[in-house]
Amino acid sequence: MQRAKELELLSNCLALAKAKTPYMEGDETLVPVWKYTDKARFDREYEAFFRAAPNLVAHRSQIAQPGDFITRQVGAVPALVVRGSDGSVNAFVNVCRHRGAIVEPRKRGHCKRFVCPYHAWTYRLDGGLDRVRHQDGFPNLDVASTSLVQLPAFEASGFIWAVADPTANADFVAALPTALLDELKGFDCASLDVFDSDSRTWKANWKLIVDGGLESYHFKIIHRDTIAKSFLDNGSSFEFIGDHIRSVLPRTSLLSLAERPQSEWDIRKHTNVLYSLFPNASLLVQEDHVVLILITPLSVGETGIEVTSLVPTSAVRSERAIRHWRANHALTVTTLREDFEIAEQVQRGAASGANEHYRFARFEAALSRWHELIDMKLGNP
């Protein structure tokens, strides 16, 4: 993040905090409940956002060395993401070209070849078919042209994106806003390593999961026993960067900046910065580490979520440091669990018919504009 932008964001947050007023824009809006429960609507979102668009799938440290791999569900497609021998990132449909078995069933690992567990067809790191047992039984097989189906994938600012549609235009990196990539680069995201990760399926529509991260109106209530005391009440502000949103969540220490010169202002010490990366990821930048949250819609009422704590590579891994990172990861998982449990409750309540609409306040404008973006991308409300 450029220094001028950092000071601008902190100045705006401080002005709102001193005025004791939340950031507001636009009008109060209503969003129909059926958009969270209608299967046809979910199917359209799934096709448009989780098949045809880039989905963030990993941090670079998860496949740091040639032969390192990770498997993901990208849309409806099982994907295999691997660091190639030349250091590049490759992504493939994780399905054997013989009888359709999953080639690599492990979640992550390291290897020189991928061997299908069904009949041992073997593939190279570049996806090419390397070996077929009893190949003389396949007289019409063209080994050279029979490879794992490749998916568009790219690496930028420490993260890896992939697209579930193998026919999609591969030049997606150009579509990511330069300003966004520069900010992630400025937070030195590429130099981080995975410390710990937690995965779980929640019974809530994927939009409810995202909604919860776009406002801090709930902090003093839902998070009263965890993080509420550390943050200003309803103090978040936001800005769109292309299709993505940067939210700034001021900590109570922000007010101390009024007595300090701007040369001492540090956005990571006095706020959390949350990037909602359309469509499937959030990145929470904290003072000394970053949390990556990946969402995978499984059905209209189920969402898989993976929470990963990323810590500096240069951090000393002493017992004290490990206790510190472990405590931070546990607090993050507990706090997010509070959000996701409420999302499950809202999903259950959606079927009751009590509400035809959900109501977003002027200080929840990030939600209103995010839902407008979804409607626009789908072509109608």
Task: Any chance S309 is in contact with a His (Cβ under 8 Å, 6 or more places away or on another chain), buried (at least 22 other Cβ atoms within 10 Å of the Cβ) and either more than 26 Å from Q347 (Cβ to Cβ) or of a type in the set (D, E, K, R) (or both) - done: yes
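Just to be sure, is D165 acidic (D, E), touching a helix residue (DSSP H, G or I) at 6+ places or on another chain (Cβ under 9 Å) and open to solvent by 20 Å² or more (accessible area, probe 1.4 Å)?
It is true that D165 is acidic (D, E), touching a helix residue (DSSP H, G or I) at 6+ places or on another chain (Cβ under 9 Å) and open to solvent by 20 Å² or more (accessible area, probe 1.4 Å).
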Open item on the list: Filter the stretch 181-208 down to the residues that are surrounded by fewer than 22 Cβ atoms within 10 Å (Cβ to Cβ) and farther than 21 Å from E287 by Cβ and list them by number.
Closed with: L181, S199, R200, T201, K203
Task: Single residue of R124, R133 found to be basic (K, R) and crowded, with 16+ Cβ neighbours inside 10 Å - done: R124
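Conditions (1) within 23 Å of V300 (Cβ to Cβ); (2) not in a loop (DSSP other than H, G, I, E, B), marked per residue:
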| site | (1), (2) |
| --- | --- |
| S11 | no, yes |
| A15 | no, yes |
| K18 | no, yes |
| T21 | no, no |
| W34 | yes, yes |
| A40 | yes, yes |
| Y46 | yes, yes |
| A53 | yes, no |
Task: Residue list for the stretch 240-264, filter: under 18 Å from S230 (Cβ atoms), open to solvent by 20 Å² or more (accessible area, probe 1.4 Å) and not in a helix (DSSP H, G or I) - done: R251
TODO: Those residues that are closer than 30 Å to V311 by Cβ and in contact with a helix residue (DSSP H, G or I) (Cβ under 6 Å, 6 or more places away or on another chain), I need them from the stretch 14-59; list them, please.
DONE: L14, A17
- [ ] Looking only at the stretch 153-171, count how many residues are at pLDDT below 90 and either under 20 Å from L192 (Cα atoms) or not hydroxyl-bearing (S, T, Y) (or both).
- [x] 4
Open item on the list: Need the failing condition index for Q65 against (1) open to solvent by 40 Å² or more (accessible area, probe 1.4 Å); (2) part of a strand (DSSP E or B), just the number.
Closed with: (2)
Task: Unmet requirement for G235, which otherwise passes all of (1) outside any strand (DSSP E or B); (2) buried (at least 18 other Cβ atoms within 10 Å of the Cβ); (3) out of contact with any helix residue (DSSP H, G or I) (no Cβ under 8 Å at 6 or more places or on another chain) - done: (3)
- [ ] Go through N94, N90 for me and flag whichever is among the polar types (S, T, N, Q), buried (at least 20 other Cβ atoms within 10 Å of the Cβ) and over 29 Å from P312 (Cβ atoms).
- [x] N94
Open item on the list: Quick check on the stretch 347-368. Is at least one of its residues loosely packed, with under 13 Cβ neighbours inside 10 Å, within 29 Å of V57 (Cβ to Cβ) and out of contact with any Asp or Glu (no Cβ under 9 Å at 6 or more places or on another chain)?
Closed with: no
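The values are calculated or read from the model by the stated rules, or taken from the named source; none is laboratory data. The structure displayed is predicted, hence computed values, not measured ones. Using ideal geometry, Cβ is built from the backbone for each residue, glycine included, and neighbour counts are taken over all protein chains shown. What goes into the accessible areas is simple: the full protein's heavy atoms, side chains included, and nothing from ligands, DNA or RNA. Shrake-Rupley method; radii C 1.70, N 1.55, O 1.52, S 1.80 Å.
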